[in-house]
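The values are calculated or read from the model by the stated rules, or taken from the named source; none is laboratory data. Here the structure is a predicted model, which means the values were calculated and not measured. Cβ placement follows ideal geometry from the backbone for every residue including glycine, while neighbour counts extend to all protein chains displayed.
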Amino acid sequence: MGAKHFGARVKRLEDPALLSGRGRFVDDLKLPGLLHASFVRSPHGHTMVRAIDSQEAMAMPGVHAVLTADDLPEPMRRMPIPMLTPNPAIATPRTQTVLARDEACYVGQPIAVVIADSRYLAEDAAAAVVVDFDVLAAAGDCRAAIKDDAPRAHSDLASNIIARFPLAYGDVDAAFASAAHVFEEVLWQHRGGGMALETRAVLATHDPVADVLTVWSGTQTPHLGRGTLADLLERNLESIRMIAPDVGGGFGPKAIFYPEEAVIPAAALKLGRPVKWIEDRREHFLCATQERDQYWDMAIAVDSAGKILGVRGRMLHDSGAFVPWGIIMPYIAAVTVPGPYVVPAYRLETVVVLTNKVPTTPVRGAGRPQAVFAMERLLDRVARELSLDRAEVRRRNFIQPEQMPYPVGLLFRDGKPLVYDSGDYPKGQDEALRLAGYEGFRERQRAALEQGRLIGIGIGNYVEGTGLGPFEGVTVRVLPSGKVAVATGATNQGQGTRTTLSQIVAEQVGCRIEDIVMTIGDTGAIAQGVGAFASRQAVNAGCSAQLAGEAVRKQIIALAARALGVNENDIDLDDGLAVATTGNKPTIPFGELARLAQGIPGVSLPAGQAAGLEHTAYYTPPQAAYCSGTHVAEVEVDHMTGGVKVLNYTVAHDSGRVINPLIVDGQVQGGVAHGIGNALLEWMQYDENAQPLTTTFADYMLPMATDVPTCVIAHVETINPLNPLGVKGAGEGGTIPAAAAIIAAIEDALSPFNVHFAETPLTPERIVAALRASGAYERLFAA
Amino acid sequence: MGKQATRITVNGKSHARVVESRLTLADFLRHELGLTGTHLGCEHGVCGACTVLVDGRTARACLMFAVQANGSEVTTVEGLAPDGELSILQQAFMDNHGLQCGFCTPGMLITLTELLRDNAEPSEQDVREALTGNLCRCTGYAGIVKAALDAAQRLRGGSGA
Amino acid sequence: MKPAPFDYHAPRQLKEAAELLATLPNAKILAGGQSLVPMMNFRYVIVDHLVDLGHVDDLRGIAVIDGRLRIGAMMQQRDLETSPEIARHCPLLAEALRHVGHRQTRNRGTIGGSLAHADPAAELPAVCAAYDAVLHLASIRGLRSVPFREFSLGFMTTALAPDEMIAAVELPIWRLGHGHGFHEFARRHGDFALAGAAALLDIGTGNVARRAALALFGVAEQPVRVDAAEAALTGKAIDSRAIHAAAAAAWLIEPISDIHAGGEYRRHLAQVLSARALIDAARRAGVDM
């Protein structure tokens, strides 16, 4: 059967409502009697909280309550937010309590909440809450925080180091001892955030008659959120419903559970009225989790032909003040280093340390961009030192397609051995280089130089484990109306979940896409769920949709065959109609079959017939699905100002079988924009007291339309043999090698000056400083 | 303190209200009138998610007070096409995958409405520069630029890209 | 991020506005709001009264009077950007306006508001510095004229009294055929400049500069006229070497240093952009560069 919907550039079902301003984001929802919240937050990086005086605030107009930790129900009052990703390597798996009682450990940590008639009035009152602080020295820099005499990030912890883990395979020492060449690099990546355009938001209401607490949250993981909230309130899961409505971007930070997602429901319960909290952008800069702040000290050993013998090094990871997502990110970074290359021996010592900054959790790429940056910069170094072409060095080291499945020698974060299931790395690189015109670039570069323009080209390769478990369920149910109801724990923050799952279900069930009625992101619609992160939904929910759709298809065919009196082989399904292919070709619509499947009250169903016309599937992936890709960036550098422009950007992308090319291209393009931001613009700055310095969109710079070229994107599909769809994830690949490719391109553009860069974001000021140090300006101005 | 009467015409309909002087135009539209298509992404005038037309010109609704718009005509995303239909620009967005999460989209549409009204044949660079007052975190802008150029062509009488 | 409460006033006459400003406690002018309202939303600025000048017609208008271009303080930047008089008489201003923020902010932002706010990275104060503009200030005490050099006092500080407002700006018009140049460096399109240079050159026979003006912005606490560069060019034949030698004087400024750029880098940019702006000005004045 030729695919009708799967693989097609189907226009998105989500679009018409969003285009006409009829989206339903949390702040768009209205409930009668709604109250509004504003939080009182710690202004210090590290402080004891001695007393909270809310008398003046309580007397202000429109104020209904000022709640502190003592006003919260048990166990929420004292119980730290449960950590969902435990690891024995973590010495102190510390998470925050939902409101700080005695100690606050990062600027922005919530201490109290004001509930009032409007956000305006709530902010007025929040400004009048007086907190008696005992300010402590703050751990502001992770490099200083590992020292014995460093200020403690938490007053009761003897050390700021919360985990150390080595990862190793092969004989690294022998590899280095025998190598023809050893090169070292020190690399660093500054903090940044996902910075979705919609800030966080929580709306909670309690129905006292049914005793159901309903919470709308701008979350990527409503089922996980419900579970955590149930623990914090000690309520049955079934008495809480968490819904992620339209969510304006996720990118990782909205996957974890935040204090506000507990405090607002607690306030709604306490006051007996619905309560809404919309995070403002300043709060988002302070409190939404971030990523990076990693320092890498790496070395590569190669033979005289540039073949890798071993890689070793140390990595320091800033966890921030708490570890809500464990050590997932540094772990992912550590196992991503080998990438698409044969690395016979590898050792990385990772140290994870607490500071008094907001915690770091996965942001698009989840540690992989940092690892890829390290590996790709090392390979560029090998190329430069051995006078080899950078693409050739990579070619000599690629894992070949016939070596698949390829065991790397490490355990991945999914708990399974890191085994690449499929991939053709040489083909991907060749394709990207071809589309980027790599062969002819030196000539273009020379011609540009004659015009006084400096252009450069850079390459970045990556392998990414996606489609992580444990599962994401899908229920497919044909309704008597003929519509096909679909429910899933998968969520949508812009990736077009509704559309891609509809394509799969329509393909399997044989209905029209427009007849599908889908509920996503609602714990009331399906019993178990996980949510969106780690580019997992296409694999998990996609395969569940496939399996559920297949099962329902079989039921439809069986029912139709019985109803029409023909063999099952003689039934076709087309646009919601079961059609017999023999005799006078009778038909029966799906709706009528659904009615038949409900049976008659009091009468047994025929033998072999299941109840109803539905199926729920919870596909569980055996391991991660490994994507890969090659990015080629072309930049122009103004060597006088240090200004950088990305001229062209090419991506060869393997995310397995593609469900909707329109959507996958959009994910790659969007991911590249994040990568450009990481490489050139985005830097969440703090001072030495862990005070955030960049807390507005004027100070923290996101790429604009003039900063991101339209990418040339090629799909190199290697089918994932491990799942029924052959799909892999697509959400993060656009970001992962971007910084590596762009920094390499800048270096290439400035090759007449022989400068070297190993940090991001690479600012114009740093470029000028490096050029000045290399003597580039001496002849220009008699300063 | 500070309540004021104001009369603002929004999408062709006149609304007279007494509001707090400090109520922003964005909050007036969203909560007083229930027109939630205009979004707030930063409340300090950089992201452009709150962009509306005031007397025909783009303005950041988070940087205006409703009382300032007294006597003015405001167009929001809800006013770009009759109910239930999509304008040429909106359709172009759908055809060219010009949106993902949709949060920046209303502001983008309003900004492009002004651009295409003033410049019937914008170059790609014209479009990109016009869009610098609107941030998008999902699309990487390619689909938006494509949609704008496609819409411009269709509005000029072409058959579309 | 909601502002603190205030009372709003919308006078229709200049006199009324001046009276309100003089009598209301903790009052501020609301012009375009593009700089003030963000600060109010952050609650960095808390006012009891806002006096909106948006309906005071006396503060609008563009006119050429006696070789000077007079611009009403409440003229919106977008209207100045598209003004044929400005394009013809003060092309430096027209070019600078294209770099001010974004279309949405120029639609509402005013020239008076930008000058009163006096952000060191702002373009319009630098243009006024280059032109030796004269500002007309109004209060209940009447009108007074202040040359720009005396108006700009320091970091976001002007000679405006607390109850005073800018009524109009006058730019002396340079000889027809003069050249202008404007270059700024910002991280992204429309961002605050890390550094910028505005240049005017009046060039006579033999490519000799009759007159030169070079104003820098973004590099110091207020716009800086680079007197040494101007002196180095005035009366000299203009060529690339002369311009680069003059631009070197930009190194001597007292630069500011913040999270966006350090002082050394700003000095460097000041030199680079001065040279670029002067080269453009020379070209436009007819010198074959």
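In table form, for the structure just shown:
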| read-out | value |
| --- | --- |
| Test: residue in segment A:368-375 that is basic (Lys, Arg) and part of a helix (DSSP H, G or I) | yes |
| A:Arg413 free of Cβ contacts under 8 Å to residues at least 12 places away in the same chain and of a type outside the set (A, V, I, L, M) | no |
| Matching residues in segment A:637-667 - criterion: being at pLDDT below 95 and more than 11 Å from every other protein chain (Cβ to nearest Cβ) | A:His653, A:Asp654, A:Ser655, A:Gly656, A:Arg657, A:Val658, A:Ile659 |
| Lone unmet requirement of (1) buried (at least 24 other Cβ atoms within 10 Å of the Cβ); (2) of a type outside the set (Phe, Trp, Tyr); (3) more than 10 Å from chain A (Cβ to nearest Cβ); (4) at positive phi for B:Gly12 | (1) |
| Residue list for segment B:55-74, filter: touching a residue at least 40 places away in the same chain (Cβ under 8 Å) and either within 11 Å of chain A (Cβ to nearest Cβ) or part of a helix (DSSP H, G or I) (or both) | B:Ala66, B:Val67, B:Gln68, B:Ala69 |
| Yes/no for A:Leu309 being over 29 Å from A:Pro82 (Cβ atoms) and either assigned by TED's automatic domain parsing to the domain that holds A:Pro692 or among the hydrophobic types (A, V, I, L, M, F, W, C) (or both) | yes |
| Criterion: over 30 Å from A:Glu550 (Cα atoms), part of a loop (DSSP other than H, G, I, E, B) and within 14 Å of chain C (Cβ to nearest Cβ) - qualifying residue of A:Leu762, A:Leu771 | A:Leu762 |
| Criterion (modelled with pLDDT of 95 or more, assigned to a strand (DSSP E or B) and not polar (S, T, N, Q)) met by exactly one of C:Leu160, C:Leu171 | C:Leu171 |
| Qualifying residue in segment B:9-18 (condition: farther than 21 Å from A:Asp124 by Cα, in contact (Cβ under 8 Å) with a residue 60 or more places away in the chain, more than 14 Å from the chain's Cα centre (by Cα) and part of a strand (DSSP E or B)) | yes |
| Single condition A:Lys276 does not satisfy, out of (1) more than 14 Å from every other protein chain (Cβ to nearest Cβ); (2) of a type in the set (Lys, Arg); (3) in a strand (DSSP E or B) | (1) |
| Exclusive hit being surrounded by fewer than 19 Cβ atoms within 10 Å (Cβ to Cβ), away from every other protein chain (no Cβ under 14 Å) and within 27 Å of the chain's Cα centre (by Cα), set A:Pro82, A:Pro16 | A:Pro82 |
| Selection from segment C:224-248 of residues that are without any contact (Cβ under 8 Å) to a residue 24 or more places away in the chain, under 21 Å from C:Ala126 (Cα atoms) and within 13 Å of chain A (Cβ to nearest Cβ) | C:Ala232, C:Ala248 |
| Segment A:118-158: number of residues that are in contact with a Pro (Cβ under 7 Å, 6 or more places away or on another chain) and closer than 30 Å to B:Thr24 by Cβ | 1 |
| Scope segment A:336-347; condition touching a Lys or Arg at 6+ places or on another chain (Cβ under 7 Å) and crowded, with 24+ Cβ neighbours inside 10 Å; matching residues | A:Thr336 |
| Selected residue [charged (D, E, K, R), farther than 21 Å from C:Ala118 by Cβ and assigned to a helix (DSSP H, G or I)] from C:Arg88, C:Arg106 | C:Arg88 |
| Identity of the residue in segment A:711-724, in a loop (DSSP other than H, G, I, E, B) and surrounded by 17 or more Cβ atoms within 10 Å (Cβ to Cβ), that ends up nearest to the other protein chains (Cβ to nearest Cβ) | A:Cys711 |
| Helices (runs of 4 or more DSSP H) (entirely within segment A:91-188) containing at least 1 residues that are surrounded by fewer than 17 Cβ atoms within 10 Å (Cβ to Cβ) and either within 14 Å of another protein chain (Cβ to nearest Cβ) or over 27 Å from the mean Cα position of the chain (by Cα) (or both) | A:142-145, A:172-178 |
| Subset tally (residues that are part of a strand (DSSP E or B) and of a type outside the set (A, V, I, L, M)) for segment A:447-488 | 13 |
| Evaluation of A:Arg413 against (1) at pLDDT below 95; (2) closer than 18 Å to A:Gly656 by Cβ; (3) crowded, with 22+ Cβ neighbours inside 10 Å (one fails), failing number | (2) |
| Segment A:734-745, residues that are in a loop (DSSP other than H, G, I, E, B) and either touching a Phe, Trp or Tyr at 6+ places or on another chain (Cβ under 7 Å) or not assigned by TED's automatic domain parsing to the domain that holds A:Tyr425 (or both) | A:Ile736, A:Pro737 |
| Candidate set from segment C:10-34 (those that are assigned to a loop (DSSP other than H, G, I, E, B) and more than 9 Å from every other protein chain (Cβ to nearest Cβ)); member that is surrounded by the fewest Cβ atoms within 10 Å (Cβ to Cβ) | C:Pro25 |
| Candidates C:Glu81, C:Glu95 - the one that is touching a Phe, Trp or Tyr at 6+ places or on another chain (Cβ under 6 Å) and at negative phi | C:Glu95 |
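Residue by residue, here is whether (1) within 26 Å of A:Gly529 (Cβ to Cβ); (2) touching a Cys at 6+ places or on another chain (Cβ under 7 Å); (3) assigned to a loop (DSSP other than H, G, I, E, B) holds:
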residue: A:Arg553; (1), (2), (3): yes, no, no
residue: A:Leu593; (1), (2), (3): no, no, no
residue: A:Leu605; (1), (2), (3): no, no, yes
residue: A:Pro621; (1), (2), (3): yes, no, yes
